[in-house]
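Let me begin by presenting the structure, written as structure tokens, before commenting on it.
The values are calculated or read from the model by the stated rules, or taken from the named source; none is laboratory data. Quick caveat: nothing in here was measured; it's all calculated off a predicted structure. Positions of Cβ are generated from backbone atoms using ideal geometry, with glycine treated the same way; all protein chains shown enter the neighbour counts.
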Amino acid sequence: MAQQKFQTEVGQLLHLITHSLYTHKEIFLRELISNASDALDKLRHLTLTDDALKTFDFDPKVSIEFQDGDEPKLILSDSGIGMNKQDLKDNLGTIARSGTKNFLSNLSGDEKKDSQLIGQFGVGFYSCFMVADKVDVTTKKVGEDEAFLWTSDGHSGFEIKKDVRKENGTTITLYLNEEGKEYANRWQIDSLVKKYSDHIDFPIFISYEDIEYDKEGKEKSRAPKTEQINDAKAFWTRSKNELEKKDYQEFYKSISNDRDDPFDWVHFHAEGALEFTLLFYIPKTASPDIFRTDYQAGVKLYVNRVFITDDEKELLPVWLRFVKGIIDSSDLPLNVSREILQQNRIMSKIKTNAVKKILEKLNDIAKNKDKYAEFFLQFGRLIKEGVYQDFEHKDALTDLLRFKSTKQEGLVSLKDYVDNMNSEQKTIYYITGQNEASLRNSPLLEMYTKKNVEVLILDDEIDEIIISSVPKYDEKELKSVNRSGAADDFSEESDKESEKSTKPVLKKIKKVLGDKVKDVKMSNRLSDSPSCIVADENDPTSQMQEILKSMGQTDMPEIKPILEINPNHEIVEKLKNMTRQKAFDDIAWLLYEQALIQEGVTLDDPSGFVKRLNNAISNNL
Ligand code: ADP
């Protein structure tokens with residue numbers, strides 16, 4: 001059969017891993033063993049659920065052989081499900097994983113950087129081309145008659161031919177190159193398997209020649225030997241006491257495609273009425289597909305150590321999609337389908353417990369402010385999603401929210417805020433907007449600063465949506481500083497005189513601005529600035545309008561802001577006695593436009609603004 005080309009992305013991946021210095025080449029063995037273990041998992045599942053295979057004599061194992069010398073080879077076999085011709089074509093020649101594929105189609109062109117980044121995605125089977133010039137895959141799928149040989153040198157493409165093979169499973173032969181010849185060695189293989197694959201649930205055997213020497217050092221006898229290297233006990237079924245930090249770290253890497261250590265983990269065995277084991281990891285960084293709709297599920301489901309699925313997104317609530325790990329229960333049926341899973345009462349109990357355990361872990365992490373901030377920086381958005389979507393856990397998740405603040409360093413919880421409130425304060429205040437720096441300098445905060453009242457700074461674009469679903473915390477109302485009326489709580493004994501003399505000015509400004517504003521009001525929140533823009537109590541703020549627009553809502557009625565004027569500001573004082581209409585108009589517009597600029601809104605008529613500004617300046621010179 002003629003040679004077939006690799007999918008473009010596979011070509012790019014192979015180029016990256018073979019042409020750039022790959023410092024972790026030894027992981028190829030972990031990747032191959034992990035594929036073998038998956039193939040055994042799949043067959044074990046079939047032998048338990050498929051009637052045609054109920055009597056099948058299944059002897060699950062992985063065997064490793066090697067040949068040193070001039071033509072070093074490493075041969076890895078499994079007695080797993082095997083592949084037919086179509087499987088070979090689909091699996092070893094394309095990349096199915098969306099994250100990896102996406103990464104590859106958006107390469108930066110900086111080879112060094114790209115090759116470092118690719119580590120995050122997991123290179124899978126193709127990693128064997130780091131250590132081999134040529135790879136043969138001989139395989140027969142269980143229940144089928146034909147066997148096939150897939151062969152490739154890792155750059156020009158691959159070939160698939162018929163092969164002769166009686167037993168189901170797969171044998172992979174690596175023709176080791178200079179980089180790889182060190183792996184044709186019993187001790188190297190032994191130590192790599194112990195390091196990366198000790199937790200695999202199936203026995204891994206190594207075959208080698210046992211050579212005995214006499215006293216003079218001459219070879220006395222040579223006998224082939226086979227030895228089991230690992231314990232073959234599913235990692236998560238082990239007792240916590242038996243396991244060390246580095247065991248958890250290695251296991252994480254073997255299930256996650258992540259080269260980095262995990263951020264933290266939870267391991268829990270439930271015994272009694274319902275038996276299950278949970279092992280969940282929080283990664284250090286979010287996987288690149290986490291905000292894509294076709295993200296890869298991170299949790300695998302096992303029933304009594306038999307692999308069921310790694311493609312079920314409902315095992316945990318959606319906001320927990322950053323969690324990687326395993327759920328194993330002996331109380332679920334083996335042939336559990338997606339539909340059954342979604343209605344199964346046992347599964348729903350396990351899910352409830354799983355969320356509880358993860359929340360406990362997060363609360364535990366939150367005791368360490370810096371550590372939690374690290375977590376929140378990566379996954380805070382998902383916690384916010386949870387507050388919005390997961391009614392059952394809303395309160396717990398609200399406690400896990402963190403915000404920037406005008407008064408405290410770092411990130412603040414709502415509890416921190418409430419603990420810091422003075423006795424007269426009844427409300428929790430926040431300001432929303434796109435840009436932290438301009439929010440911190442916003443005129444809307446002047447009164448709060450003056451009164452020494454803390455304001456939470458919500459500068460993430462989804463904050464405004466989230467926070468609207470938290471009307472109260474600890475009996476205290478949450479109020480947006482961006483809205484009209486928020487500062488009423490602070491109004492001092494107002495100066496009746498100044499109020500009276502300002503009213504006509506407000507009326508005149510309103511007349512000048514016409515339908516640009518909903519209203520022009522006296523402000524009790526400003527101290528240094530002459531004006532500010534706010535949204536009416538129940539209107540979406542200007543930022544929310546932008547978000548709604550970006551979400552495709554184009555038919556919104558135009559929502560006008562309220563212009564607030566500081567009655568005590570010098571400019572406003574001067575306006576009271578201004579008789580020249582033209583100058584008054586300019587200043588009225590300028591008060592409106594400067595407030596918009598401070599809100600981060602782009603002016604409709606920037607050149608008009610500049611003209612008015614220059615008029616005002618030259619009138620003063
Ligand atoms: P991943 O394992 O992450 O899916 P790989 O590139 O390692 O990516 O493997 C691609 C696919 O090839 C696997 O998903 C599996 O379907 C198939 N495959 C690889 N090795 C084996 C094997 N030993 N037995 C059966 N199928 C295999």
For residue 299, which of the numbered conditions (1) within 15 Å of residue 354 (Cβ to Cβ); (2) among the β-branched types (Val, Ile, Thr); (3) in contact with a Leu (Cβ under 6 Å, 6 or more places away or on another chain); (4) away from the ligand (no atom under 16 Å from the Cβ) fails to hold?
-> (4)
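Taking the stated definitions as given, is residue 230 within 16 Å of the ligand (Cβ to nearest atom), surrounded by 18 or more Cβ atoms within 10 Å (Cβ to Cβ) and on the phi < 0 side of the Ramachandran plot? Even if it seems obvious, please write down each step before you answer.
Working: within 16 Å of the ligand (Cβ to nearest atom): no; surrounded by 18 or more Cβ atoms within 10 Å (Cβ to Cβ): yes; on the phi < 0 side of the Ramachandran plot: yes.
For residue 230, the condition - within 16 Å of the ligand (Cβ to nearest atom), surrounded by 18 or more Cβ atoms within 10 Å (Cβ to Cβ) and on the phi < 0 side of the Ramachandran plot - is not met.
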Log entry, pairs with first residue in segment 499-526 being in the same structural domain as residue 579 (by TED's automatic domain parsing), second being at pLDDT 95 or above and assigned to a loop (DSSP other than H, G, I, E, B), beta carbons closer than 9 Å, six or more apart or on different chains, reads none
Unique match (being touching a strand residue (DSSP E or B) at 6+ places or on another chain (Cβ under 7 Å) and at pLDDT 90 or above) among 282, 308 = 282
Residue list for segment 405-461, restricted to those being among the aliphatic types (A, V, I, L, M), outside any helix (DSSP H, G or I) and surrounded by fewer than 18 Cβ atoms within 10 Å (Cβ to Cβ) | 421
Go through segment 548-585 and give me each residue that's in contact with a Pro (Cβ under 8 Å, 6 or more places away or on another chain) and closer than 20 Å to residue 536 by Cα.
-> 548, 559, 565, 566
Sort out which residues of segment 303-357 are among the aromatic types (Phe, Trp, Tyr) and under 24 Å from residue 293 (Cβ atoms), and write them in order of number.
-> 319, 322
Single unsatisfied condition, residue 25 versus (1) at pLDDT 90 or above; (2) not in a helix (DSSP H, G or I) | (1)
Of the conditions (1) under 27 Å from the mean Cα position of the chain (by Cα); (2) outside any helix (DSSP H, G or I); (3) surrounded by fewer than 17 Cβ atoms within 10 Å (Cβ to Cβ), residue 38 fails just one. Which one is it?
-> (2)
List every residue pair whose Cβ atoms lie under 9 Å apart, where the two residues are 6 or more positions apart in sequence or sit on different chains, the first residue falls within segment 25-51 and is within 11 Å of the ligand (Cβ to nearest atom), and the second residue, located anywhere, is assigned to a loop (DSSP other than H, G, I, E, B) and of a type in the set (Asp, Glu).
-> 37/201; 38/310; 40/201; 41/201
Which listed residue, of 243, 278, is touching a residue at least 12 places away in the same chain (Cβ under 8 Å), surrounded by fewer than 18 Cβ atoms within 10 Å (Cβ to Cβ) and aliphatic (A, V, I, L, M) | 243
Among the strands (runs of 3 or more DSSP E) confined wholly to segment 290-337, which include 2 or more residues that are in contact (Cβ under 8 Å) with a residue 12 or more places away in the chain and farther than 21 Å from residue 43 by Cβ?
-> 324-329
Looking only at segment 64-80, decide whether some residue is outside any strand (DSSP E or B), away from the ligand (no atom under 12 Å from the Cβ) and touching a Ser or Thr at 6+ places or on another chain (Cβ under 9 Å).
-> no
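Tell me the residue from 559, 571, 597, 587 that is out of contact with any His (no Cβ under 8 Å at 6 or more places or on another chain), modelled with pLDDT of 80 or more and in a loop (DSSP other than H, G, I, E, B), please.
Values: 571 fails: in a loop (DSSP other than H, G, I, E, B); 597 fails: in a loop (DSSP other than H, G, I, E, B); 587 fails: in a loop (DSSP other than H, G, I, E, B).
Result of the check over 559, 571, 597, 587: 559.
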Would a scan of segment 124-133 turn up a residue that is in the same structural domain as residue 42 (by TED's automatic domain parsing), β-branched (Val, Ile, Thr) and surrounded by fewer than 22 Cβ atoms within 10 Å (Cβ to Cβ)?
-> no
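Answer yes or no as to whether residue 353 is modelled with pLDDT under 95 and more than 19 Å from the chain's Cα centre (by Cα). Break it down stepwise before answering.
On the way: modelled with pLDDT under 95: no; more than 19 Å from the chain's Cα centre (by Cα): yes.
Considered against the rule, which asks whether it is modelled with pLDDT under 95 and more than 19 Å from the chain's Cα centre (by Cα), residue 353 comes out as no.
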Somewhere in segment 76-83, is a residue in contact with a strand residue (DSSP E or B) (Cβ under 8 Å, 6 or more places away or on another chain) and more than 28 Å from residue 144 (Cα to Cα)?
-> no
Report yes if residue 564 is of a type in the set (Asp, Glu), under 17 Å from residue 481 (Cα atoms) and crowded, with 19+ Cβ neighbours inside 10 Å, otherwise no.
-> yes
